[in-house]
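The values are calculated or read from the model by the stated rules, or taken from the named source; none is laboratory data. Source: prediction; values computed, not measured. Neighbour counts run over all protein chains shown; Cβ positions are idealised from the backbone, glycine included.
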Ligand SMILES: Cc1cc2nc3c(=O)[nH]c(=O)nc-3n(C[C@H](O)[C@H](O)[C@H](O)COP(=O)(O)OP(=O)(O)OC[C@H]3O[C@@H](n4cnc5c(N)ncnc54)[C@H](O)[C@@H]3O)c2cc1C
């Protein structure tokens, strides 16, 4: 019996490719955790084609792995190595179906690249307030399936918070059509929420209606030096108050991460005259052309420096300087890769205890990490820190990372969970965090997840082995 052959045989030849030279790029995840196998990559161009594929796979018991831009940080879009699953790429399902400027909404298909949607909104004088470093490759379907966070969460929320409506193909081939761009729609369970953050395990998202915002008329970006990490929470509170809750990003960069980056990319310059232990990249935005935002941020800087909370700071003078400051924040992962990569801990804790977490976790790595180099940065305004560890200079990174994950990472997760936090802030579970979910996940929550999976996908054909154990 050749069930995959039967599925492929029933589909038009232009709906999939079996050419190994083409399929190879769909089979390894971005961080190279896993390389899978798939006889074909299916590439539908419409919801009807997705429906046909899912219905055929359901009938023949063939598993599907939905894939967007393949930028997952936890190998969530990679098929198993057995070759018993088919990759379903959404890349050709990429039309913008409509933009309603008066309703501040955009309806687009799942395979639209995030930056393309940002540009579509921009062309209408609006903004799609979802932004992350992978914007040029990740797709909106992937963003919603991972409930992506990123650099605008503080003001606009996670990907989930931007969703007004959704269209999806369920594992039995039914099309769920709750795509209306409505802000109020209390008509029973809000079923679309179940698919958001489900990492492709409960259905294939085919289209979405998203909230837009008015384009900022003013953007003020500042880079601050901070000596005492325990003051970060107070700095954020002051910034929110003085700017009238208009802080869009409050990003942390440790001196470790900045040093790693400046060494890896020697053309870059330190933005401040004197180095410090901690840095904050702060951005405030407003769509109002009349609010005195720049003056508010300048006053903030003056007050923080006057009180000794901030030791130095600079305001970006123009778009080019802003870009240079953001480059420092967004290229840290590349510097880690240039040093053999890092063990990433994507932690969230209540913002009030984040400085204590960073200090405590750094002490743990110093005491137990056998000389591992810290790289700590992230969206601290959201209580989310990427607490990463790079192998010591001269130590073979692959072996060190395996050792650190076994010996030190559990201590960091225990610390975060003990402080009321989470072992997985924004990257999801995929396959690489299943053990952590077993260890730290609430038992009743895990029971509900299994019950939902069994109810919607009893044959387990949607991304099996991810998020919920088979
Ligand atoms: C440089 C860089 C920076 C990043 N920064 C951030 C960040 O700041 N915040 C953050 O949250 N993440 C970040 N990420 C991680 C990643 O970009 C996000 O998780 C992103 O949302 C994944 O989108 P994707 O289209 O690449 O999805 P993929 O990697 O292709 O898939 C991710 C998951 O979604 C499922 N999926 C994809 N499309 C669909 C669909 N249409 N229907 C159903 N399931 C689907 C897949 O099966 C898989 O489980 C970053 C990654 C990189 C490389």
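Assorted remarks:
- Scanning segment 65-86 for residues being within 9 Å of the ligand (Cβ to nearest atom) and over 18 Å from the mean Cα position of the chain (by Cα) gives a total of 1.
- Residue within segment 87-105 that is buried (at least 23 other Cβ atoms within 10 Å of the Cβ) and more than 12 Å from the ligand (Cβ to nearest atom) present: no
- Scanning segment 154-187 for residues that are assigned to a helix (DSSP H, G or I) and either within 8 Å of the ligand (Cβ to nearest atom) or farther than 24 Å from residue 382 by Cβ (or both) yields a total of 1.
- Residues of segment 193-216 classified as in contact with a strand residue (DSSP E or B) (Cβ under 8 Å, 6 or more places away or on another chain) and either more than 12 Å from the ligand (Cβ to nearest atom) or farther than 20 Å from residue 158 by Cβ (or both), total: 10
- All of (1) without any contact (Cβ under 8 Å) to a residue 24 or more places away in the chain; (2) closer than 20 Å to residue 78 by Cα; (3) within 29 Å of the chain's Cα centre (by Cα) hold for residue 48 with one exception: (2).
- Filtering segment 257-284 to residues that are modelled with pLDDT of 95 or more and over 24 Å from residue 219 (Cα atoms) leaves 257, 259, 260, 261, 262, 263, 264, 265, 266, 267, 276, 277.
- The numbered conditions (1) within 16 Å of residue 220 (Cβ to Cβ); (2) touching a strand residue (DSSP E or B) at 6+ places or on another chain (Cβ under 9 Å); (3) without any contact (Cβ under 8 Å) to a residue 60 or more places away in the chain are all true for residue 295 except (2).
- Considering residues of segment 114-125 that are in contact (Cβ under 8 Å) with a residue 24 or more places away in the chain and surrounded by fewer than 21 Cβ atoms within 10 Å (Cβ to Cβ) only, the residue nearest to the ligand (Cβ to nearest atom): 120
- All conditions in (1) part of a loop (DSSP other than H, G, I, E, B); (2) at pLDDT 95 or above; (3) within 12 Å of the ligand (Cβ to nearest atom) hold for residue 31, with the sole exception of (2).
- Where helices (runs of 4 or more DSSP H) fall entirely within segment 352-470, none has at least 1 residues that are assigned by TED's automatic domain parsing to the domain that holds residue 146 and more than 16 Å from the ligand (Cβ to nearest atom).
- Residue match in segment 134-153 (condition: in contact (Cβ under 8 Å) with a residue 40 or more places away in the chain, out of contact with any strand residue (DSSP E or B) (no Cβ under 6 Å at 6 or more places or on another chain), away from the ligand (no atom under 14 Å from the Cβ) and in a loop (DSSP other than H, G, I, E, B)): no
- Every condition in (1) under 30 Å from residue 233 (Cα atoms); (2) without any contact (Cβ under 8 Å) to a residue 12 or more places away in the chain holds for residue 448 except the one numbered (1).
- Qualifying residue in segment 335-349 (condition: closer than 21 Å to residue 236 by Cβ, in a helix (DSSP H, G or I), out of contact with any strand residue (DSSP E or B) (no Cβ under 9 Å at 6 or more places or on another chain) and in contact (Cβ under 8 Å) with a residue 12 or more places away in the chain): no
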